[in-house]
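The block underneath contains the structure these notes are about, expressed in structure tokens.
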Amino acid sequence: MVSMNERFLKPYNPAETEPRIYKRWEESGYFNPDSREYPPGTEHFSIVLPPPNVTGILHVGHAMMLAIEDTMVRYHRMRGHKTLWLPGTDSAAIATQSKVESEIYKKEKKTRNDLGREELLKRIDAFTKQSHDTITGQVRAMGSSVDWSREAYTLDQKRSYAVTTAFVRMYRDGLIYRGDRIVNWDPNMQTTVSDDEIEHVEETTPFYYLKYGPFIIGTARPETKFGDKYVVMHPDDARYAQYKHRDKINVEWINGAVTATIIKDTAIDMGFGTGVMTITPWHDLTDFEIAERHDLDKEQIIDDRGLLLPIAHEFSGQHIKKARTEIVEKLQQKGLIEKIDERYIHRIAINSRGGGVIEPQIKRQWFVDVDAEFTLKDSKLDGIPSGSKTSLKETMRHVVAGGQIKIMPDRYEKVYYHWIENLRDWCISRQIWYGHRIPVWYRDAEIHCDTQAPEGEGWEQDPDTLDTWFSSSLWTFSTLGWPNATADLALYHPTNIIETSYDIIFFWVARMILMSGYLLGDIPFATVYLHGLVRDSKGRKMSKSLGNIIDPLVYIEKYGADSLRMALVVGNPPGNDLSLGEDKLKAYKHFANKVWNATRFVCMSTEKFDPGTTSELTPKDEEYLRDFNVHIEDITKEMDEKHYYLAAEKLYHYFWHTFADVILEESKPILSGTDEKAAGSRMRTLHTMLFAQLRMLHPFMPFVTEEIWSLLGNSTLLMIERWPNGY
RNA sequence: GGGCGAUUAGCUCAGUUGGUAGAGCAACGAAUUUACACUUCGAAGGUCAGGGGUUCGAGUCCCUUAUCGCCCACCA
């Protein structure tokens, strides 16, 4: 053993060590799998980093993701696999634009229309650049061994080309269409929002029972009722048997007499209220579907900004929020109100990205058809042969049901199927400016969809951009060079694992499966590893209003990245939320120091030991090494089963309470004793166990282990050492 | 309205196919020119949410109730 380095005389100092070690790693080039030669037939391991949104700084949830993924990656690299972890960031179109817009408005009282498309995009670019640099700095501080040479951005040139290529293919296959459908409209952001981006918030509002001719109808939104001229009831409702489908009756309504048409439809719940309702097809999905079934007129009542249209007569131009009181007053005066229930619990839809209250509107938008049949070419999907007909829904369901993709924990498979069953066509066009422009051009009645603008005069590109998840859904292969047939794509796709938060299983995981299935005839990853949310020490969600959001850099500065990583990995099985308190960080900081000092002790007491010679082992030491081999096997098995949370805990426990507390303590008299054979045997044993434990701890605590490795006189980096295999 | 999860030591959580209840932290009692006070040793602490069932045997499997949490859903 080499003589003890003087640095061991002081406690381990992560703040001084970590940036220096990361620099060494980065300069070594080993994050890039191409930097080393591998024997033919070497297994490979690839994952993509779920790209963080360039909307600000990373939080501890991101830190957890980085900790788990880096653990996986370092483990596989040490197993000798050709390992790629591909980093990047996400433009997060709507969230980013919304954030920049509101900052500009706060400071300058200017809206996007004041600035114009070009200027706003310039401002957003400046913001995202800064945000990007902060984020990549944080990713480095966590010790993430990502291949920076392959870093991607969802909005860079290569990814944009992938996006337009995907759009054009889907359009030509009839999987993308343009249609007048009811969509979720955010009047604040002035854009559509997908179903998955909607949050429902409960609200107690008055519920009005209105006299509509001979009927009583209920509504929570009297301000939408101006145009109501269809009254709908269930065909089996005996109470209304006297009325026949399509009968016409005259009723006195808000703005005078209207001729109403009776419609019988089974969508009506006979048990709710009076079992009769009038419909507002332009602003309600159920109503829209009823209107479609019976080919009824649809009329717009509310405009894009939430103002009432001329159909509201004297209320025209008023905002719906403000108009309600006056409208109710008028109804009251006309004697049209039967009664008011003041305590009605109602769910309103909110745009989770920007915050506006959703107003359904009928709009001409672009959609992905999830039910349309298409022919799958070059299929690698089990059970869906090349050339067979399938649909996006079917491929999505099939790859999980057939076990080609495994979701951890498996209970999320049910959630996934349920989502697919209820999935409607995906609205992909957005009326914001930051994002991928839709690759479609119009000239009068002509439509041109291609990756490039058409030749000739008078063409106008669609002003809309694509849902940010459209580009994210290509991430596993757009980052590897698709649509070009690159070597990276051939080698690293499908990726082995996607490791992400369970709350984006629909937004992202499902849509990656959708896109990969269609565009590549393949799965995007073999395993979905879902981690949970990080909560504070009291189990509360981290939120701005609670003020309990912590920048991981604060923890790193105080306790070191290794401690933060351990705190985020130990006791954190997939699918569970994790409470993070400072006591944990403290505990693992102590542990890092324990490893540090145990090494110091081994150095001090084995200075005479030459690892090149093999001293004969005493029976006791043979027994220790046998037990240690069982420990290695156990840890390796946990790693292979992706039980990182258990492996980390067992490594911690063994190092501290077996290696340090028992074996090291017991070694003191042996090493200072007169029995040279016993001392030599023990030195060899300690040396073996220490080195192997440093290797196994490395994926979890890369900084301290790498630093110790180097202070022990190794000129090579621990990060590319081999995972121990028994002694 | 449907679905899922949780309920185990003061706190945070493990407990893989059923076989005598585990860890970390905290708290408690000791030790001390020690590799490490970012230490060591020791002891304490649990009707495994309640009830029922299957079994030789249940924290684990089944049924049921309660509380908390999450997700989904077009009751106007």
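The values are calculated or read from the model by the stated rules, or taken from the named source; none is laboratory data. Just so we're clear, the structure is a prediction, and the values are computed from it rather than from any experiment. In this analysis, Cβ positions are derived from the backbone assuming ideal geometry, glycine residues included, and neighbour counts consider all displayed protein chains. Please note that ligands, DNA and RNA were not included when accessible areas were found on the heavy atoms of the full protein model with its side chains. Shrake-Rupley method; radii C 1.70, N 1.55, O 1.52, S 1.80 Å.
Brief remarks follow.
- Region A:615-666 versus region A:134-187: alpha-carbon centroid distance in Å: 45 Å
- Cα-only Debye scattering, region A:606-670: base-10 log of I(q)/I(0) at q = 0.16, 0.26 Å⁻¹: -0.68, -1.15
- By the rule of a C-alpha distance below 24 Å, with chain neighbours fewer than 8 residues away ignored, the lysines paired with residue A:99 are A:107, A:109, A:110, A:122, A:129, A:541, A:544.
- Chain lengthening between residue A:486 and residue A:332 when straightened (0.36 nm per residue, less Cα-Cα): 48.4 nm
- Additional length obtainable on full extension of the chain from residue A:344 to residue A:28, 0.36 nm per residue less Cα span: 107.3 nm
- Charge dipole (region A:181-275, unit charges on Cβ, about Cα centre) - positive-most of A:184, A:250, A:218: A:250
- What the phi angles of region A:406-421 give under the Karplus curve with 6.51, -1.76 and 1.60, with θ = phi - 60°, is a coupling list of 10, 9, 10, x, 5, 4, 6, 4, 4, 4, 5, 4, 4, 5, 4, 4 Hz, glycine and proline written as x.
- Computed from backbone phi with θ = phi - 60° and the Karplus coefficients 6.51, -1.76 and 1.60, the 3J(HN,Hα) list for region A:69-74 is 5, 5, 4, 4, 5, 5 Hz; x is used for glycine and proline.
- For region A:462-526 versus region A:567-586, the gap between their alpha-carbon centres in whole angstrom: 29 Å
- Ranked by the mean number of other Cβ atoms within 10 Å per residue, highest first, peptides A:448-460, A:420-432 order as A:420-432, A:448-460.
- Rg to Rh quotient for chain A, alpha carbon positions, Kirkwood Rh: 1.08
- Among the listed pairs A:82/A:650; A:589/A:642; A:322/A:363; A:229/A:339; A:538/A:584; A:10/A:668, those beyond 18 Å (Cα-Cα): A:82/A:650; A:589/A:642; A:322/A:363; A:229/A:339; A:10/A:668
- Gyration tensor analysis over the Cα atoms of region A:419-536 returns equivalent ellipsoid semi-axes of 31, 19, 13 Å (largest first, whole Å).
- Percentage relative contact order, region A:643-727, counting C-alpha pairs under 8 Å, at least six apart: 23 percent
- Helix A:285-294 vs. chain A, principal-axis angle (Cα, 0 to 90°, nearest 10): 50 degrees
- Taking trypsin sites (Lys or Arg not before Pro) across region A:532-624, the ones in a DSSP loop with at most 13 further Cβ atoms lying within 10 angstrom of their Cβ are A:538, A:540, A:544, A:608.
- Backbone N within region A:503-532 under 20 Å of label point (7 Å from residue A:374 Cα along the Cβ vector): A:506-525
- Bridge type composition, chain A - antiparallel percent by DSSP, nearest 5: 70 percent
- Between 0 and 90 degrees, the angle of helix A:157-172 with respect to the longest Cα principal axis of chain A falls at about 50 degrees.
- Kirkwood Rh (inverse of mean 1/r, distinct Cα pairs), region A:1-154, angstrom: 18.2 Å
- Per-residue ellipticity at 222 nm, computed for chain A from helices alone with -39500 (n - 2.57) per DSSP H run of at least four residues, works out to -12000 deg cm²/dmol.
- The Cα atoms of region A:454-521 give a gyration tensor whose axes a ≥ b ≥ c have a/c of 1.5 or more with a/b no greater than b/c, which makes the shape oblate.
- Based on protein heavy atoms only, region A:195-292 ends up with 43 Å² per residue of surface accessible to a 1.4 Å probe.
- Here residue A:377 is the anchor, and the lysines within straight C-alpha reach of less than 21 Å, apart from those fewer than 8 places off in the same chain, are A:389, A:393.
- Only Cα pairs under 8 Å and 6+ residues apart enter the sum, and on that basis the relative contact order of chain A stands at 18 percent.
- Note that region A:329-343 has calculated 3J(HN,Hα) couplings of 4, 5, 4, 4, 4, 7, x, 8, 9, 7, 6, 10, 9, 6, 10 Hz, one per residue in order, obtained from phi through the Karplus relation 6.51 cos²θ - 1.76 cosθ + 1.60 (θ = phi - 60°); glycine and proline are x.
- Global geometry of region A:83-196, whether rounded, prolate or oblate, following the gyration tensor of its Cα atoms and the 1.5 cut on a/c: oblate
- Solvent-accessible area, 1.4 Å probe, carbon plus sulfur percent, for chain A: 49 percent
- Under 14 Å, Cβ to Cβ, from residue A:205 - net charge with Lys/Arg +1 and Asp/Glu -1: 0
- Cα-based helix-to-principal-axis angle, A:619-640 vs chain A, degrees rounded to 10: 20 degrees
- Reachable aspartates and glutamates from residue A:330, criterion Cα separation under 16 angstrom, eight or more residues apart if same chain: A:223, A:252, A:314, A:338
- Solvent exposure of region A:51-120 as accessible area per residue, Å², 1.4 Å probe: 33 Å²
- Using equal-weight Cα scatterers in the Debye expression, the normalised intensity of region A:143-287 in log10 at q = 0.09, 0.16 Å⁻¹ is -0.51, -1.00.
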